[in-house]
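Read the figures in this text as sums done on the coordinates, not as results from a lab. This one's a predicted model, so the numbers in the text were calculated from it and none came from an experiment. Here the Cβ positions follow ideal geometry from the backbone for every residue, glycine too, while neighbour counts run over all protein chains shown.
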Amino acid sequence: PDSTAEQKIRTVLAEQQNCWNQGDIECFMQGYWNSDSLMFIGKNGIKYGWKTTLENYKTSYPDKAAMGKLTFKVVKLDVNNDSAYMLGEWSLQRELDNPGGYFTLYWKKIEGKWVITIDHTS
């Protein structure tokens with residue numbers, strides 16, 4: 001396995017977590033493939049596109065209080081030459097509740113940059 005690729009992917013995820021915890025969804029979205037082909041699967045089914053995903057996040061998390069403090073925990077990461085599979089847990093610490101769940105991410109190295117191309121979060 002390519003440990004450099006693994007480090008780069010983990011760095012992108014850590015940057016996303018930091019962006020989220022600063023209340024910056026646009027910054028958080030930099031970890032995603034900026035394409036209409038980006039696929040996000042959640043409780044409302046399959047949605048396509050970077051802009052759609054951004055708008056959905058903004059609707060679901062309208063302010064910093066709703067966003068809370070995000071923590072990611074990587075359970076498994078398998079890296080190939082230019083793609084990777086990640087399984088993990090997410091949790092939010094908020095004033096009124098502490099939601100959490102699991103995610104499966106499919107990463108691709110596109111134009112030299114590791115980005116999430118498919119996100120299944122529950």
Quick check on G42: is it in contact (Cβ under 8 Å) with a residue 60 or more places away in the chain, surrounded by fewer than 18 Cβ atoms within 10 Å (Cβ to Cβ) and within 22 Å of K76 (Cβ to Cβ)? yes
D97 in contact with a strand residue (DSSP E or B) (Cβ under 6 Å, 6 or more places away or on another chain) and among the charged types (D, E, K, R): no
Only one of S35, S60 is without any contact (Cβ under 8 Å) to a residue 12 or more places away in the chain and in contact with a helix residue (DSSP H, G or I) (Cβ under 8 Å, 6 or more places away or on another chain), namely S60
Show the residue pairs that are 6+ apart or on different chains and have beta-carbon atoms under 9 Å apart, the first residue being within the range 95-122 and without any contact (Cβ under 8 Å) to a residue 40 or more places away in the chain and under 14 Å from D82 (Cβ atoms), the second being among the polar types (S, T, N, Q) and in a strand (DSSP E or B). Y106/S83; Y106/T117
When residues of the range 60-89 are limited to those that are closer than 22 Å to A5 by Cα and of a type in the set (F, W, Y), the one nearest to the chain's Cα centre (by Cα): F72
Search the range 3-40 for residues being of a type in the set (S, T, Y) and in contact with a strand residue (DSSP E or B) (Cβ under 9 Å, 6 or more places away or on another chain), and hand back the single one that is nearest to K58 (Cα to Cα). Y32
Regarding T71, is this residue touching a strand residue (DSSP E or B) at 6+ places or on another chain (Cβ under 6 Å) and surrounded by 17 or more Cβ atoms within 10 Å (Cβ to Cβ)? no
When you look at V115, is it surrounded by 15 or more Cβ atoms within 10 Å (Cβ to Cβ) and closer than 17 Å to T11 by Cα, yes or no? yes
